[in-house]
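Below is one structure; the comments refer to it alone.
Derivation of every value follows stated rules applied to the coordinates shown; laboratory data play no part. Keep in mind that this is a model prediction, so the values were computed, not measured. Don't worry about glycine lacking a Cβ; one is built from the backbone with ideal geometry, like all the others, and counts go over all protein chains shown.
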Amino acid sequence: MNPPSDRDIGLRGKLIRGLGSLREMLPGSFAERKRSCGQPNCRCADGKNLHSQFQISVLVDGKPKALNIPAELAEKVREKIEMRRRFESAAATVCRLNLKRFLKDKETR
Ligand SMILES: [Zn+2]
């Protein structure tokens, strides 16, 4: 069995190496809204078969914006926003491991 610190180093390396695969990440949050288009003959006119409108809410130059996303890009964009969550989760874990090591180091000085 490896000592815990070796396992931490291994995990840290794995997380850092995995960050490259998240390089296409996008900021913001993804939302799907239902809406009617207003055309009287459209399938959405019954108020049930509504159109999907995909949006991301994001800060642009510090200002909150809702950007419309074409339906054909929605799944890609959703994944890229999910990458950001995984990136931040990995960063938080790396920081936690490093802090643990730092505090331990400090103790044994
Ligand atoms: Zn419609």
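Between 67, 97, the distinction of being in a helix (DSSP H, G or I) and of a type in the set (A, V, I, L, M) belongs to 97 only.
Within segment 13-55, restricting attention to residues that are part of a helix (DSSP H, G or I) and farther than 30 Å from residue 97 by Cα, the residue that is nearest to the ligand (Cβ to nearest atom) is 44. The residues of segment 71-86 that are of a type outside the set (Lys, Arg) and more than 16 Å from the ligand (Cβ to nearest atom), listed by number, are 72, 73, 74, 75, 77, 79, 81, 82, 83.
Summed over segment 6-55, residues that are loosely packed, with under 15 Cβ neighbours inside 10 Å and in contact with a Lys or Arg (Cβ under 7 Å, 6 or more places away or on another chain) total 5. The residues listed here are 67, 73, 50, 26; of these, the one that is in contact with a strand residue (DSSP E or B) (Cβ under 9 Å, 6 or more places away or on another chain), over 25 Å from residue 89 (Cβ atoms) and among the aliphatic types (A, V, I, L, M) is 50.
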